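FYI, it's all coordinate maths here, none of it is from the lab. Since the model is a prediction, treat every value here as computed from it, not as a measurement. Methodologically, a virtual Cβ is constructed for each residue, glycine included, from the backbone with ideal geometry; neighbour enumeration extends over all protein chains shown.
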Amino acid sequence: MATVRLLDKHDRETRALQHAALDLARRLPQLVVAAKDVAASVRHGVHGRRQAGVGEAFWQFRPFVAGESASRIDWRRSARDDRTFVREREWEAAHTIFLWMDRSPSMNFVSSLALEPKVDRAVVLGLAAADLLVRGGERVGILGLTRPVAARNIVDRLAEAMLVDPEAAAELPQADPLPARSQAILLSDFLTDAAIVEERIARLSSRGAGGHVVMIADPVEETFPFEGHVEFADVDSRERLRVGQAQTFRPLYVARLAEHRARIAHACASRGWSFVVHRTDGPASAALLALRIRLEGGPSATTGTGGLG
């Protein structure tokens, strides 16, 4: 006999996450092509920093990462602990970039004013940045997912890794401290508790790593153009909020958003990180160009669009 079971809240949320992941996977080939095109459009003038060899000066020991060559293991250091360690050289530490692209449910939001969903823009910018960085002599990896490499096919490698990422729905990256003198690029809408974002930035930078935070926003999220009776839907759940005269909420919403961004910007500034807002109604190439300037040590903004709008 056939049976019927009603989906509970957890089942509905799981199905929604699976659907979003499959949808992104279907679009990923087009996003890879877009990332390569964006990278090519700003490649002119990129100054490579590749040096001969990999550097001889010892920098630090770090835990061995699955997939690395066993020849890099320092067996003498590993024998003193219950973990396996790799001897990392100074040049390697100074030229390592860790990417993190938010693919959580809130990133699927897109309005009629935007050129594409926030998640697509985050993926395109992240992969395009990886292409530019590798061509400039850097090693790039996805935070918590892949080890940093300097491969010409870096865009395809990272895209393939994202397809099997078990933490694809995470709103923030893992909190493990990054190696000193490395850098992180975090691309997200950061629409989560500001205190948690502050704590995560502090943890990631606790050993001296630099970083660049790009807050991706749909234009509707900034302008709040709603009027009259409106029903708001939470993209992370099935919660609904019906309000009348939505325009009366605009001043409070704008103030809350400004306060939220100010806290994250302050958290970045206190660690020497850059912070910018990029709107999805602007071109991805402009955002990538501004990000490249920051990576090369140019002027960095702490608030506002900083040329990324």
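List the residues, sorted by chain then number, that are 5 or more residues from Ala217 or on another chain and whose placed amide H is less than 5 Å from its amide H.
For Ala217, the qualifying residues are His278, Arg279, Thr280.
Take the alpha carbon atoms of the stretch 201-227, find their center, do the same for the stretch 158-188, and report the distance between the two centers in whole angstrom.
15
Spelling out what I want: for every residue of the stretch 28-37, take phi, set θ = phi - 60°, compute 6.51 cos²θ - 1.76 cosθ + 1.60 (Karplus), and round to whole Hz; glycine and proline get x.
Going residue by residue, I get 4, x, 5, 5, 4, 4, 4, 4, 5, 5 Hz, with x marking Gly and Pro.
For the pair Arg83 and Ala180, what calculated FRET efficiency results from E = 1/(1 + (r/R0)^6), where r is the Cβ-Cβ distance and R0 = 22 Å, to the nearest 0.05?
The formula returns an efficiency of 0.75 here.
Collect residues whose amide H, placed 1.01 Å from N in the peptide plane, falls under 5 Å from the amide H of Asp74; neighbours closer than 5 in sequence don't count.
Phe85, Val86, Arg87
Along the stretch 99-109, what does the Karplus equation 6.51 cos²θ - 1.76 cosθ + 1.60 (θ = phi - 60°) give for ³J(HN,Hα), rounded to whole Hz, x for Gly and Pro?
Those phi angles translate into 8, 8, 10, 5, 10, 6, x, 5, 6, 7, 5 Hz.
Multiply the residue separation of Ser112 and Phe249 by 0.36 nm, subtract the distance between their alpha-carbon atoms, and state the gained length in nm to one decimal.
Taking Ser112 through Phe249 to full extension adds about 47.2 nm, to one decimal.
Could you list the trypsin sites (Lys or Arg not before Pro) in the stretch 224-267 that lie in coil according to DSSP, counting only those with at most 13 other Cβ atoms within 10 Å of their Cβ?
Within the stretch 224-267, the qualifying trypsin sites (Lys or Arg not before Pro) (loop, at most 13 other Cβ atoms within 10 Å) are Arg238.
For each of Thr248, Thr84, count neighbouring Cβ atoms within 10 Å of the residue's Cβ, then give the residues from fewest to most.
Thr248, Thr84
Using 7 Å Cα-to-Cβ label points, what is the Leu257/Arg207 separation (nm, one decimal)?
3.7
So what are the ³J(HN,Hα) numbers for the stretch 227-232, from phi and the Karplus equation (6.51, -1.76, 1.60; θ = phi - 60°), rounded to whole Hz, Gly and Pro as x?
9, x, 7, 9, 10, 9
Taking amide H positions as placed 1.01 Å from N in the peptide plane, with prolines and chain starts having none, which residues 5 or more places from Ala150, or on another chain, fall under 5 Å of its amide H?
The answer is Val140.
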